[in-house]
Amino acid sequence: MFEKLTLLPLSNFIRNKSIQNFLFLAIIQSSNVLISIISMPLLIQSIGVDQFGLVNLALSVIILLNILVGFGYNLSAPREVAVNQQNKEALSHLVSNVFSGKAMLAAIATLLILIGVFGLNLFQEYQLILVFSSLLLFSEATLPLWFFQGMEKMKLVSIANIFSKLLFLMGIVLFIHSPEQSQWVNFMLGFFGLSINLMLLFYIHAFMGIKFYRPEFSAIYRSLKENILLFFSNLASHISINGGLIILSFFSAAETLGMYSLAERVVMVLRLFPALIIQAIFPNASKLLKEDRPAFFRFLKNVYLRVLLAGILISAGAHFTAPWIIRVLSRSDLAESVLYLKILAAVPFLACLNVGNVTLLLVADLKELLFKASWMMCLYMIVVSAILTSYLGGLGLCIGIISTEIIVFLICLTLLYRHKKDLVRGFYT
């Protein structure tokens, strides 16, 4: 594929809307990662390691609830928008119902937080931080990324995303100077995100001719019913990958949470590599599977070997430079964070192992198998990580996370072999 791309005129390559969508999505992801990395040393210096851990713990709870707010719309809605690109009336009803549905889900998620904090007295160490963080739920509900993705006009939303993150960074510098102000960190992230999203909604209405109607509850209910499988798959995957900090909070002090979250952030950034590879090769792989199976297997094997090589280099680099990375991000020598990062450095390579299996599941449209694999991985991660963390603390959680990456590879391979032996044999032999 890469050889063919080099033969295309550069201008035609750049004008391809699918390529533009991918590039702008990559820009959004990269800017989020960059701002996150820049903000880490600023926050640690301003609010301290323990409050930094609590802020990240609250953010982990919010991100988990954002899966509820998204409810699979981020996967299903772009397709609906793309189908109705030229039909303003249909788009208007779709946009109105999706935003209304997500706003209702954000309100429900906020209510759950309030009940947990004030009714059940949960989240005791970071109750105020979590309540202020709930604004992020409405920022997620109003994010029109799915609309611009379906319209294949990603430039504006990518610029808006970068601008909101820069405002957040400026807010940290100007307003966050002591541990007592830690509750405002996630609040500012939500406030600036919501403000920019509302401006984008105004643009959609005023300049793109999209009207906002009253919500059609029957249509919202129907869409929620159709998206429920996507929601549970996303939920399971998210818990498996990002739920470690929440598990650790039940067994460790705030300072340990801060040490672990610093290492975890670095690893989660590196773990994006295999996910981006799957997104990049998925369209061409799907086409080859239908048109020329031998060519498909050759293509996927070639990509897979290169991904494994890159994964080894990424993991080895993170392991050996762990002291330097932690020192740069925290501006201090945090031996515990260094230890966690050295262990978790294996995660990017282990995640790369499953690139072939996940690609096979996607191109063969095996959504039910992917759903099963996601929940089997989730259950394993929760049980094993909880047990190991209760005995070994952060070290046990690191071991649990690493073992989960190995187990999910075996789960996907087993499910594929049981249901699609021809794909497994074609790829691995």
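The values are calculated or read from the model by the stated rules, or taken from the named source; none is laboratory data. Given the structure is predicted, the values throughout are model-derived calculations rather than measurements. FYI the Cβ positions are ideal-geometry reconstructions off the backbone, even for glycines, and counts take in every protein chain you see. We work out accessible area using only protein heavy atoms, side chains counted, and drop any ligands, DNA or RNA first. Shrake-Rupley method; radii C 1.70, N 1.55, O 1.52, S 1.80 Å.
Below are the figures for this structure:
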read-out: Mean accessible surface per residue for the chain, computed with a 1.4 Å probe while every protein chain stays in place, in Å²; value: 48 Å²
read-out: The chain: calculated mean residue ellipticity at 222 nm from DSSP helix runs of at least 4, using -39500 (n - 2.57); value: -28500 deg cm²/dmol
read-out: Where labels lie 7 Å past Cα in the beta-carbon direction, separation of Leu410 and Tyr428 in nm; value: 1.2 nm
read-out: Net length gained if the chain between Leu34 and Glu255 were fully extended (0.36 nm per residue, minus Cα distance); value: 77.2 nm
read-out: Restricting segment 135-207 to GluC sites (Glu not before Pro) in coil, as DSSP defines it, with at most 16 other Cβ within 10 Å; value: Glu152
read-out: Among the listed pairs Lys342/Lys367; Lys287/Lys421; Lys102/Lys287; Lys225/Lys290; Lys342/Lys372; Lys155/Lys287, those beyond 25 Å (Cα-Cα); value: Lys342/Lys367; Lys102/Lys287; Lys225/Lys290; Lys342/Lys372; Lys155/Lys287
read-out: Ranked by how many other beta carbons lie within 10 Å on average, peptides 164-177, 358-371 from highest; value: 358-371, 164-177
read-out: Computed E for Ile159/Arg331 - FRET, C-beta separation, R0 30 angstrom, nearest 0.05; value: 0.45
read-out: Under the span-like rule (Cα at least 20 Å along the axis, Kyte-Doolittle mean at least -0.5), DSSP H helices of the chain; value: 17-70, 88-114, 155-175, 183-208, 217-242, 254-270, 272-291, 293-320, 367-392, 394-419
read-out: Within-11-Å neighbourhood charge of Ile241 [Cβ basis; K, R +1; D, E -1]; value: -1
read-out: Estimated FRET transfer efficiency when R0 is 45 angstrom, pair Lys420-Leu224 (beta carbons, to 0.05); value: 0.90
read-out: Most mobile of Lys342, Lys372, Lys290 in a GNM of the chain (Cα contacts under 10 Å); value: Lys290
read-out: Modelled FRET efficiency - R0 22 Å, Asp365 with Ala275, Cβ distances, 0.05 increments; value: 0.70
read-out: The chain - percent relative contact order, Cα under 8 Å, separation 6 or more; value: 20 percent
read-out: Segment 17-145: relative contact order as a whole-number percent, Cα under 8 Å and 6+ apart; value: 32 percent
